[in-house]
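The values are calculated or read from the model by the stated rules, or taken from the named source; none is laboratory data. None of these values were measured; they are calculated from a predicted model. All Cβ positions, even for glycine, are placed from backbone atoms using ideal geometry, and neighbour counts span all protein chains on display.
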């Protein structure tokens, strides 16, 4: 592999690394915002929609399922029904769960820990891309 190709590859890996890490950190920031400023309330899962999504692959199509969870809750006597934004296989219609909402926008909700897995995933993948970029740089210099 030529120097130019290694430079481009290293640059791509570094950019992806930085973007993934920034996304992971922003998810942690959003979760902390809800933990610090969010108001805890109880919600009831009123609907779980399972959507079949068609994904194009090299050898045809693959189908995967995405879930939309809707919860109902009350703030100051006003009933809200909003999409939760997270799903796990233990959720069932009728389940009561704790959610957090922001006082200035009761429609902005999140369940505790919902962003934790994604933030760890993004930061982890970003770190892997960063390590690969560093390895390409180090190994590229040793082969003169």
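Here are the numbers for this structure:
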{"item": "Conditions (1) loosely packed, with under 15 Cβ neighbours inside 10 Å; (2) over 23 Å from the mean Cα position of the chain (by Cα); (3) touching a residue at least 12 places away in the same chain (Cβ under 8 Å): number failed by residue 80", "result": "(1)"}
{"item": "Failed criterion for residue 88 (all others in (1) exposed (fewer than 14 other Cβ atoms within 10 Å of the Cβ); (2) in contact with a strand residue (DSSP E or B) (Cβ under 7 Å, 6 or more places away or on another chain) hold)", "result": "(2)"}
{"item": "Selection from the stretch 91-110 of residues that are closer than 17 Å to residue 34 by Cα and touching a strand residue (DSSP E or B) at 6+ places or on another chain (Cβ under 7 Å)", "result": "97, 98, 99, 100, 101, 102, 103, 106, 107, 108, 109, 110"}
{"item": "Residue in the stretch 114-122 that is free of Cβ contacts under 8 Å to residues at least 12 places away in the same chain, surrounded by 10 or more Cβ atoms within 10 Å (Cβ to Cβ) and part of a loop (DSSP other than H, G, I, E, B) present", "result": "no"}
{"item": "Selected residue (criterion: modelled with the lowest pLDDT) from residues of the stretch 1-43 that are part of a strand (DSSP E or B) and surrounded by 15 or more Cβ atoms within 10 Å (Cβ to Cβ)", "result": "38"}
{"item": "Residues that are within 19 Å of residue 48 (Cβ to Cβ) and assigned to a loop (DSSP other than H, G, I, E, B), drawn from the stretch 71-111", "result": "84, 85, 86, 87, 88, 89, 90, 91, 92, 93, 94, 95"}
